[in-house]
Every structure is written in structure tokens, then in C-alpha cells.
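Peer 1: Attaching a single structure in C-alpha cells format; questions to follow.
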Amino acid sequence: TSSAAPVFADAQTGYFGFGAGFVIRTLDGGATWSQISSGSGTALLDMDRFANGDLVAVGEAGRVLTSVGGSAPWLLRATLTAASLQAVQVVGPQEAVAVDSTGGVYRSTDGGASWAAATSAPADLAAVDLHFASGLDGWVIGQGFASAALFHTVDGGANWTPVPDFLGTYVAIDFAGPSGWAASYDGTFYRTADDGVTWTQG
């Protein structure tokens, strides 16, 4: 279960996608879980929830799945890429953003039914996570030893700016307003309080 994180609709109702297409659900805050068939044998790597309760999940071989109201049946959407989709984030009522292992970013404006690829990808990056404040303003992080391991876009992925001094292997990025955190493979954290203009260790 280390390949994904749970998504909770409220304090009681949560979903967890993992392994070869498995999805489990809790209705009691995690005390008990039951399996919901996703209809796919592809490994699920991440999932998120829209405000209306619909779910979107992504995984290996560019697989995208959606579920109305978070219950079966799941819909298998078109494969986006041959690379694994590492992370997905809901950024609006029907808008979501996903990133593949090569740093390619994909956007959906119809609840995950269809997707459009960004016109470029960060250079020499093995991406693992993303955080977008909107469909245009976002960050992608992963393993990078050339220009950077963290990149920023303000135009939905048409152009990417490498963040200086971010080289190596990173596993996650998150923001809450102007405050952000980036975690490296060795457990080191970096943080920003000004929308990523400056980063400090700690």
C-alpha cells in the first residue's frame, strides 16, 4: 500500500487505490474497509476526489479511471501515455492535473473524461509528484541531477523554470497558500513562505 495515499471525502468516508487496480473504501473513519472493483488490473499510483464526490485515479502505463460518486462501476478512460502516471490532483470543480514519470503534464476540464497534454516537460526529470494551485500555476518534483529536481510553471506546462539548488531525489511537494514543503528521499525537508520564491532547509 506504499504506492498511493488515501483520499477522504469527510471524517468517515475514505478511499484508497493501490496495487493491481485495487480500490478499498471505509465508511467509518478507517476502522473497517471493503473492496470496490476498479475493473482494471493496472497498478494504481494515486487518486483524488472532486467536490461533487466523483473520483479520479491514475496508474501505470498511462491508465486513468474515474468513478461517479466514488462507487462502482469505474470507467476506464483513454490511455494518456506509455509512461506511468505518478500523481493526480483535482484543482477545480471538474478540472484535474496529472503528471507522468517523464514529467509530462496532462490537464482535464471534464472530470477526467478527456485530457490534453502540456506542450513541454521539465528537462531531465523523473517526476514523482506535483502540486498545482490552478490549472496553470504548478510545480513538479522528482529525481533530477542535471538542471533541477523541482520545476515551476505558470502557463500549464508550456514553459518550465528549474528551481536552483534542487538537485537529487525528491519524493513529494505540497502547498497551503503561499507556504510550501518539498521532501527529499533522505528525509530532508525544504520549505517556502513566499510561493516558492525562496526555499530554506528545515
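Peer 1: Return the total of residues in region 107-116 being open to solvent by 50 Å² or more (accessible area, probe 1.4 Å) and more than 14 Å from GLY138 (Cβ to Cβ).
Peer 2: Counting residues in region 107-116 that are open to solvent by 50 Å² or more (accessible area, probe 1.4 Å) and more than 14 Å from GLY138 (Cβ to Cβ) gives 4.
Residues checked against (1) under 20 Å from VAL58 (Cα atoms); (2) touching an Asp or Glu at 6+ places or on another chain (Cβ under 7 Å):
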site	(1), (2)
GLY111	yes, yes
ALA117	yes, no
GLY135	yes, yes
TRP139	yes, no
PHE145	no, no
PRO162	no, no
GLY168	no, no
PHE175	no, no
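Peer 1: While we're looking at this one, here's another question. Within region 150-176, how many residues are among the small types (Gly, Ala, Ser) and either open to solvent by 40 Å² or more (accessible area, probe 1.4 Å) or more than 15 Å from the chain's Cα centre (by Cα) (or both)?
Peer 2: Qualifying residue count, region 150-176: 3.
Peer 1: While we're here: Could you check how many residues of region 60-70 are of a type outside the set (Asp, Glu) and at pLDDT 90 or above?
Peer 2: The qualifying residues number 6.
Peer 1: Go through (1) of a type outside the set (Ser, Thr, Tyr); (2) surrounded by 14 or more Cβ atoms within 10 Å (Cβ to Cβ); (3) closer than 25 Å to GLY142 by Cα; (4) at pLDDT below 85 and name the single condition ALA20 misses.
Peer 2: Of the numbered conditions (1) of a type outside the set (Ser, Thr, Tyr); (2) surrounded by 14 or more Cβ atoms within 10 Å (Cβ to Cβ); (3) closer than 25 Å to GLY142 by Cα; (4) at pLDDT below 85, the odd one out for ALA20 is (2).
Peer 1: Can you list the strands (runs of 3 or more DSSP E) found entirely within region 83-148 that contain at least 2 residues being aliphatic (A, V, I, L, M) and under 14 Å from the mean Cα position of the chain (by Cα)? Talk me through it step by step, then tell me what you get.
Peer 2: Numbers: elements: 85-90, 96-100, 105-108, 126-132, 138-144.
Output list reads 85-90, 96-100, 126-132, 138-144.
Peer 1: For the condition open to solvent by less than 20 Å² (accessible area, probe 1.4 Å) and more than 23 Å from ARG107 (Cα to Cα), what is the one hit in SER147, SER179, SER184?
Peer 2: Exactly one residue qualifies, and that residue is SER184.
Peer 1: Which residues, counting only those in region 20-79, are charged (D, E, K, R), within 18 Å of the chain's Cα centre (by Cα) and part of a loop (DSSP other than H, G, I, E, B)?
Peer 2: The answer is ASP54, ARG63, ARG77.
Peer 1: Hey, among THR32, THR26, which residue is over 26 Å from GLY135 (Cβ atoms) and open to solvent by less than 10 Å² (accessible area, probe 1.4 Å)?
Peer 2: It is THR26.
Peer 1: Could you pull out the residue among ALA172, ALA176 that is hydrophobic (A, V, I, L, M, F, W, C) and under 18 Å from VAL99 (Cα atoms)?
Peer 2: Of ALA172, ALA176, the one residue that is hydrophobic (A, V, I, L, M, F, W, C) and under 18 Å from VAL99 (Cα atoms) is ALA172.
Peer 1: Let me confirm something: among LEU125, LEU136, which residue is open to solvent by 40 Å² or more (accessible area, probe 1.4 Å), of a type in the set (A, V, I, L, M, F, W, C) and at negative phi?
Peer 2: LEU136
The values are calculated or read from the model by the stated rules, or taken from the named source; none is laboratory data. In this text, all values refer to a predicted model and were calculated from it rather than measured experimentally. Cβ: placed from backbone, ideal geometry, glycine included. Neighbour counts: every protein chain shown. SASA here: full protein model, heavy atoms, side chains in, ligands and nucleic acids out. Shrake-Rupley method; radii C 1.70, N 1.55, O 1.52, S 1.80 Å.
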